[in-house]
Every structure is written in structure tokens, then in C-alpha cells.
Amino acid sequence: HIMKKQGELAESKFIVECLSREFGVSVPFGDSSPYDLIVTGKEISRVQIKSTTRLYRNRYHVTVGWGHKSKKVYDDKKIDVFAVHILDHPWYIIPSGEIKTTTINLYPHRLNGVGKYEIYKGAWDLL
């Protein structure tokens, strides 16, 4: 249940960050929606929250798939954005259409911006 608590903490932090930026936040009822939150910023975005705390081989490996044993790729017609939280680093706001796999690697600790998704670090303007 540690992973569930980590996810709940990430969702809570994301909500606080959105509210501090004066975005509206709605939480769907139940657990059956493919997204975790709806954020109203420039437009309405269905957001899936992901998080990790584990640095491995100089990168953070983030599971962005769904399902228990064998992960599946999210349908980008059902969610608009992934918001990825890595402890003590800026949020990544990644359009769902950019992710075609069940795992991604992030490098928030590197200053040179190496990595496919580094352009989405702190990309709150996408919401």
C-alpha cells in the first residue's frame, strides 16, 4: 500500500500546486475514470498523475501505464496530460499524445536538459 499512498500524496501536491496557480480542480467520483483529476486552466484538461522517488542508473524510471500485472498504454483520447511528480523536483506536464509506452525516463537532476521529456519540466503553460 506504500505505492497507493505515494500516489495519493502526489495527487494532493498537484491539487495544491494547481490551486496556487489559480486553476480550477475537480476530482471525479469513484475510481473508474481513466484520469485522476480535471483541471481548468486555459482549457479543460483530464490529468493522470504519476510519481516516483527512485533514482536508478542516473535516471528516474516512471511507470505511465495502467493495469496491475501487465501494464497497458493509456488511450490519449481519454486523458489529455500526464502530470509526473518526482520528489523535490519540478512537476512534468506531458501531453498524453507524446507518450506511446508504459514507462518513461526523466532526468530532473541534470542541468543540460538531456532526455525526450525534459522540455515538459515545469510546463504549466500546457494547462
Quiz item: Is there any pair linking a residue in segment 2-13 that is more than 17 Å from Pro28 (Cβ to Cβ) to one that is at pLDDT 90 or above, with Cβ under 8 Å and at least six apart or on different chains, and which?
Solution: Gln6/Ser51; Leu9/Ser51; Lys13/His85
Quiz item: Of all the residues that make up segment 27-70, how many are in contact with a Gly (Cβ under 9 Å, 6 or more places away or on another chain) and open to solvent by 90 Å² or more (accessible area, probe 1.4 Å)?
Solution: 1
Quiz item: For segment 77-102, what are the residues that are in contact with a strand residue (DSSP E or B) (Cβ under 8 Å, 6 or more places away or on another chain), open to solvent by 50 Å² or more (accessible area, probe 1.4 Å) and more than 21 Å from Lys13 (Cβ to Cβ)?
Solution: Lys78
Self-check item: Whichever residue in segment 103-127 is among the charged types (D, E, K, R) and closer than 22 Å to Tyr56 by Cα and, among such residues, is least open to solvent (accessible area, probe 1.4 Å)
Solution: Glu118
Quiz item: Can you name the condition, by its number, that Val16 falls short on among (1) open to solvent by 90 Å² or more (accessible area, probe 1.4 Å); (2) among the β-branched types (Val, Ile, Thr); (3) not in a helix (DSSP H, G or I)?
Solution: (3)
Quiz prompt | Members of segment 37-55 found to be in a loop (DSSP other than H, G, I, E, B) and out of contact with any Phe, Trp or Tyr (no Cβ under 8 Å at 6 or more places or on another chain), listed by number | solution = Lys42, Glu43, Thr53
Quiz item: Has segment 96-113 got at least one residue that is touching a Pro at 6+ places or on another chain (Cβ under 7 Å), among the β-branched types (Val, Ile, Thr) and either under 14 Å from Lys50 (Cα atoms) or at pLDDT 90 or above (or both)?
Solution: no
Quiz item: If you go through segment 37-46, how many residues are of a type in the set (Val, Ile, Thr) and in contact (Cβ under 8 Å) with a residue 40 or more places away in the chain?
Solution: 1
Quiz item: What number of residues within segment 46-103 are out of contact with any His (no Cβ under 6 Å at 6 or more places or on another chain), under 20 Å from Pro28 (Cβ atoms) and of a type in the set (S, T, N, Q)?
Solution: 2
Quiz prompt | Close pairs (7 angstrom Cβ cut-off, 6 or more residues apart or separate chains): hydrophobic (A, V, I, L, M, F, W, C) in segment 51-69, open to solvent by 70 Å² or more (accessible area, probe 1.4 Å) and part of a strand (DSSP E or B) anywhere | solution = Trp66/Lys72
Quiz item: Taking segment 13-41, which residues are within 16 Å of the chain's Cα centre (by Cα) and among the aliphatic types (A, V, I, L, M)?
Solution: Ile15, Val16, Val25, Val27, Leu37, Ile38, Val39
Quiz prompt | Residue check for Ile79: closer than 19 Å to Gly7 by Cα, in contact (Cβ under 8 Å) with a residue 24 or more places away in the chain and in a strand (DSSP E or B) | solution = no
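The values are calculated or read from the model by the stated rules, or taken from the named source; none is laboratory data. All values derive from a computational prediction rather than experimental measurement. A quick note on method: Cβ atoms are made from the backbone with ideal geometry, for glycine too, and the neighbour counts reach across all protein chains shown. Remember, those area values only see protein heavy atoms, side chains included, never the ligands or the DNA or RNA. Shrake-Rupley method; radii C 1.70, N 1.55, O 1.52, S 1.80 Å.
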